[in-house]
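Chemist: Below is the structure I would like to discuss, written out as structure tokens.
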Amino acid sequence: MPQPADQVELRIPSQLRYLAVVDAVVQAFAADFGWEADDINNLGTAAIEAASNAMEHGNRFAENTNVWLRMRGDAGGVEVEIEDQGPGFDHRPYERELTADDLLKLRGRGIFIMRSFMDEVSFAPGQGHGTCVRLVKHGHIKAEQSGGTSTGA
Amino acid sequence: MPQPADQVELRIPSQLRYLAVVDAVVQAFAADFGWEADDINNLGTAAIEAASNAMEHGNRFAENTNVWLRMRGDAGGVEVEIEDQGPGFDHRPYERELTADDLLKLRGRGIFIMRSFMDEVSFAPGQGHGTCVRLVKHGHIKAEQSGGTSTGA
Amino acid sequence: MTIQQRDIGDVVVVDVHGKIMGGPDSDGLKQALRDLMERGAHKVLVNLGDVTWINSSGLGILIEGFSELRRQGGSLKLVHVPPRIESLLTVTKLSTIFESYRQEDEAVRSFA
Amino acid sequence: MTIQQRDIGDVVVVDVHGKIMGGPDSDGLKQALRDLMERGAHKVLVNLGDVTWINSSGLGILIEGFSELRRQGGSLKLVHVPPRIESLLTVTKLSTIFESYRQEDEAVRSFA
Ligand SMILES: Nc1ncnc2c1ncn2[C@@H]1O[C@H](COP(=O)(O)OP(=O)(O)O)[C@@H](O)[C@H]1O
Ligand SMILES: Nc1ncnc2c1ncn2[C@@H]1O[C@H](COP(=O)(O)OP(=O)(O)O)[C@@H](O)[C@H]1O
């Protein structure tokens, strides 16, 4: 497990407009790994879902609450933690496949989307009181390599 | 001055590969302000220069050192602070125009670039011991508006 | 998020730009879809070509429009769905209910 | 950062992809320019079309290549400079020393 010094940490207020910053951080972190574009997009989408939940269900959009994102890893795989200041919740009811009945529901897809796009999704108490969602993704290296000399991350 | 709760904060290790994350955060924060593309690019470039200096001159790329970025503001203007854990420095010698003699030098353009692209650049002691560079930018609203209904930030 | 509307025959094309993230930022889209239904529009084509991303609450807005229009005998279809949103429609199986087209003319003809 | 090289007549085109940020990440470009000079190349065209950004240490690498080549009677020119890098060359007045072209064929002909 890498030292905290090898991780990037982001703190944002509980406002949906900052979801764009979450997406940008996660995608920029992984941009040079040579992963398939789909993997990078889906990682961003899962992080957006986790951060949306943290703001809405965790922090209930309360002023002066924050969401933390911590990210570490390399081309072999990344780990993203998203933590809120909410009361925590029991995620077990949401550990299920969506059924035909769910198809047209307006809500209730966030955790399902995270699970679909990530290799691992887990929930734990955060460093504070809230929920910490942990997302793990092992990207697929792009098939056609550019053939040039690549240096760096 | 907005409360800290209205600001985004990023912490990165002193490794150049995380400059891409700095660029991404700053640009995503300002992406929906309707600013000219040039303004957003130049804000990113100035932040990259400040963060490069923080890593190289401030933290001397020492392991376990970090760089902090704090950003706040709205379409009227943004403020970006970039802080390191270095010894601090006297910025006055670098408060000058570049001359013909400087043109082909390999280094020494970072602070000049920040000043050229930003409306304000100032240096102060950080919250810890290091240097805190403060960048202020008032973007220009894009001339041709899309004419659609825009909501949100 | 920014939206614009165009009429092509009796099809209303809603061009969405930016991010569809639910919450106040997407009220414009919600309201536009409701207004269209009040005006009696039955054929609505949502152009996602300039949408950078959508989250699950944003999907909810599209589903609400889809269901409401269907109830009134109309339909809501999609055009120019970027790969990132395509993935999301696929995993959520919403691709089985939203008709989606690559070309606008093709999409418009499909309503006839 | 990734680089590739192509020869067009006696002009060597260096296609750079990604970010030019100085430090170890850009050693490839530094080394490539040095190797070209050792091989006696005199006409070097750096294609920045796929470069997302460059910082001031990255500029230093281009300046080093430029000066070294000029000392050896050669020249280093740029092609497909994105607007973001154009701004940087303008404020640093490096645009007064780097010849820069929009089209590759035009750039290649300029060495003749
Ligand atoms: N961070 C969180 N804190 C508290 N409750 C949460 C959190 N994340 C999810 N939940 C609960 O789990 C439910 C399902 O979440 P999700 O699948 O993302 O769908 P939705 O957000 O659309 O309801 C939420 O309605 C909420 O009750
Ligand atoms: N954060 C910092 N901490 C300590 N010294 C700094 C810092 N930023 C800049 N400096 C000093 O100011 C000088 C000029 O910086 P700059 O104009 O960015 O050019 P360069 O980084 O290429 O030397 C640096 O060489 C360094 O001595």
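Chemist: Can you name the residue in segment A:11-53 that is outside any helix (DSSP H, G or I) and either in contact (Cβ under 8 Å) with a residue 60 or more places away in the chain or of a type in the set (Gly, Ala, Ser) (or both) and is also nearest to ligand 1 (Cβ to nearest atom) among such residues? Give the steps one after another, and end with the answer.
Modeler: Step one: list which residues in segment A:11-53 are outside any helix (DSSP H, G or I), which gives A:11-15, A:34-36.
With either in contact (Cβ under 8 Å) with a residue 60 or more places away in the chain or of a type in the set (Gly, Ala, Ser) (or both) added as a condition, the list becomes A:14, A:34-36.
Numbers: A:Ser14: 11, A:Gly34: 30, A:Trp35: 25, A:Glu36: 25 Å.
Going through the qualifying residues, I end up with A:Ser14.
Chemist: Please verify whether A:Ala153 is more than 22 Å from A:Arg96 (Cβ to Cβ), among the aliphatic types (A, V, I, L, M) and at pLDDT below 80, treating the condition exactly as stated.
Modeler: Yes: the conditions hold for A:Ala153.
Chemist: Condition first: within 14 Å of chain B (Cβ to nearest Cβ), within 17 Å of A:Val133 (Cα to Cα) and in contact with a Cys (Cβ under 9 Å, 6 or more places away or on another chain). Can you find one or more residues in segment A:16-39 that meet it? Step through it out loud before you land on a result.
Modeler: As a first pass, look at segment A:16-39 and keep what is within 14 Å of chain B (Cβ to nearest Cβ): A:16-34.
Right, trim to within 17 Å of A:Val133 (Cα to Cα) and you get A:19, A:22-23, A:25-26.
With in contact with a Cys (Cβ under 9 Å, 6 or more places away or on another chain) added as a condition, the list becomes none.
No, the conditions are met nowhere in segment A:16-39.
Chemist: Could I ask something else about it? Could you check segment B:107-139 and list, in sequence order, the residues that are more than 8 Å from ligand 2 (Cβ to nearest atom) and touching a helix residue (DSSP H, G or I) at 6+ places or on another chain (Cβ under 7 Å)?
Modeler: B:Ser116, B:Phe117, B:Met118, B:Val121, B:Leu135, B:Lys137, B:Gly139
Chemist: List the residue pairs whose Cβ atoms are under 7 Å apart, where the first residue sits in segment A:104-118 and is within 7 Å of chain C (Cβ to nearest Cβ) and over 13 Å from A:His138 (Cα atoms), the second is more than 16 Å from ligand 2 (Cβ to nearest atom) and among the acidic types (Asp, Glu), and the two are 6 or more positions apart or on different chains.
Modeler: Sorted first by the residue in segment A:104-118, then by its partner, the pairs are A:Leu106/C:Glu64; A:Gly110/A:Glu49; A:Ile113/A:Glu49.
Chemist: So B:Pro93 clears everything in (1) at pLDDT below 95; (2) within 14 Å of chain A (Cβ to nearest Cβ); (3) assigned to a helix (DSSP H, G or I) except one condition, right? Which one?
Modeler: Unmet condition: (2).
Chemist: A further question follows. Can you tell me which condition B:Ala54 does not meet? The list is (1) over 12 Å from the mean Cα position of the chain (by Cα); (2) closer than 26 Å to D:Thr92 by Cα, and all the others hold.
Modeler: All conditions pass for B:Ala54, except number (1).
Chemist: Let me ask another. Collect the residues in segment A:24-50 that are farther than 14 Å from A:Val78 by Cα, of a type outside the set (Gly, Ala, Ser) and crowded, with 24+ Cβ neighbours inside 10 Å, keeping them in residue-number order.
Modeler: A:Thr45, A:Ile48, A:Glu49
Chemist: Looking only at segment B:84-125, how many residues end up being surrounded by fewer than 18 Cβ atoms within 10 Å (Cβ to Cβ) and of a type in the set (A, V, I, L, M, F, W, C)?
Modeler: Going through segment B:84-125 one residue at a time, the tally reaches 7.
Chemist: Do we have C:Asp25 as within 14 Å of chain B (Cβ to nearest Cβ) and under 23 Å from A:Phe117 (Cβ atoms) here? Show your work before the answer.
Modeler: On the way: within 14 Å of chain B (Cβ to nearest Cβ): yes; under 23 Å from A:Phe117 (Cβ atoms): yes.
Criteria met by C:Asp25.
Chemist: Hey, A:Gly73 hits all of (1) at negative phi; (2) at pLDDT 95 or above; (3) of a type outside the set (Asp, Glu) but one; which does it fall short on?
Modeler: Tallying (1) at negative phi; (2) at pLDDT 95 or above; (3) of a type outside the set (Asp, Glu), A:Gly73 fails exactly one: (1).
Chemist: Any residue at all in segment B:76-83 that is touching a residue at least 24 places away in the same chain (Cβ under 8 Å) and loosely packed, with under 13 Cβ neighbours inside 10 Å?
Modeler: If we filter segment B:76-83 for residues that are touching a residue at least 24 places away in the same chain (Cβ under 8 Å), which is where we start, we get B:76-83.
Now drop any that are not loosely packed, with under 13 Cβ neighbours inside 10 Å, which leaves B:76.
Scanning segment B:76-83 turns up at least one residue that is touching a residue at least 24 places away in the same chain (Cβ under 8 Å) and loosely packed, with under 13 Cβ neighbours inside 10 Å.
Chemist: Test C:Ile85 against the criterion of being away from chain B (no Cβ under 13 Å), within 16 Å of ligand 1 (Cβ to nearest atom) and surrounded by 20 or more Cβ atoms within 10 Å (Cβ to Cβ), and give yes or no. Even if it seems obvious, please write down each step before you answer.
Modeler: Values: away from chain B (no Cβ under 13 Å): yes; within 16 Å of ligand 1 (Cβ to nearest atom): no; surrounded by 20 or more Cβ atoms within 10 Å (Cβ to Cβ): yes.
In short, no.
Chemist: Can you tell me which residues in segment B:63-105 are among the hydrophobic types (A, V, I, L, M, F, W, C) and either within 22 Å of B:Leu43 (Cβ to Cβ) or within 15 Å of ligand 2 (Cβ to nearest atom) (or both)?
Modeler: Here is the first cut: in segment B:63-105, the ones among the hydrophobic types (A, V, I, L, M, F, W, C) are B:67-69, B:71, B:75, B:78, B:80, B:82, B:89, B:98, B:100, B:103-104.
Of everything in segment B:63-105, those that are among the hydrophobic types (A, V, I, L, M, F, W, C) and either within 22 Å of B:Leu43 (Cβ to Cβ) or within 15 Å of ligand 2 (Cβ to nearest atom) (or both) turn out to be B:Val67, B:Trp68, B:Leu69, B:Met71, B:Ala75, B:Val78, B:Val80, B:Ile82, B:Phe89, B:Leu98, B:Leu103, B:Leu104.
Chemist: Based on what the data block shows, is A:Arg96 within 30 Å of B:Arg70 (Cβ to Cβ) and among the charged types (D, E, K, R)?
Modeler: So A:Arg96 fails the test.
Chemist: While we're on this one: Limited to segment D:1-14, what total is found for residues that are buried (at least 21 other Cβ atoms within 10 Å of the Cβ) and either part of a loop (DSSP other than H, G, I, E, B) or not hydrophobic (A, V, I, L, M, F, W, C) (or both)?
Modeler: 1
Chemist: Does C:Glu38 satisfy being touching a residue at least 12 places away in the same chain (Cβ under 8 Å), surrounded by fewer than 20 Cβ atoms within 10 Å (Cβ to Cβ), acidic (Asp, Glu) and away from chain B (no Cβ under 14 Å)?
Modeler: The answer is no for C:Glu38.
Chemist: Another one. Condition first: over 13 Å from the mean Cα position of the chain (by Cα), within 16 Å of ligand 2 (Cβ to nearest atom) and closer than 20 Å to B:Lys105 by Cα. Can you find one or more residues in segment D:4-21 that meet it?
Modeler: Within segment D:4-21, one or more residues are over 13 Å from the mean Cα position of the chain (by Cα), within 16 Å of ligand 2 (Cβ to nearest atom) and closer than 20 Å to B:Lys105 by Cα.
Chemist: For segment C:49-82, what are the residues that are aliphatic (A, V, I, L, M) and away from every other protein chain (no Cβ under 14 Å)? Show your work before the answer.
Modeler: At the first step, the residues of segment C:49-82 found to be aliphatic (A, V, I, L, M) are C:51, C:54, C:59, C:61-63, C:69, C:76, C:78-79, C:81.
Those that are aliphatic (A, V, I, L, M) and away from every other protein chain (no Cβ under 14 Å): C:Leu78, C:Val79.
Chemist: Moving to a separate point now. Please determine, by comparing only the residues of segment A:54-63 that are part of a helix (DSSP H, G or I) and surrounded by fewer than 24 Cβ atoms within 10 Å (Cβ to Cβ), which one is farthest from the other protein chains (Cβ to nearest Cβ).
Modeler: Per the stated criteria, the residue is A:His57.
The values are calculated or read from the model by the stated rules, or taken from the named source; none is laboratory data. Keep in mind the model is a prediction, meaning the values are calculated, not measured. Backbone-built Cβ (ideal geometry, glycine too); neighbour counts: all protein chains shown.
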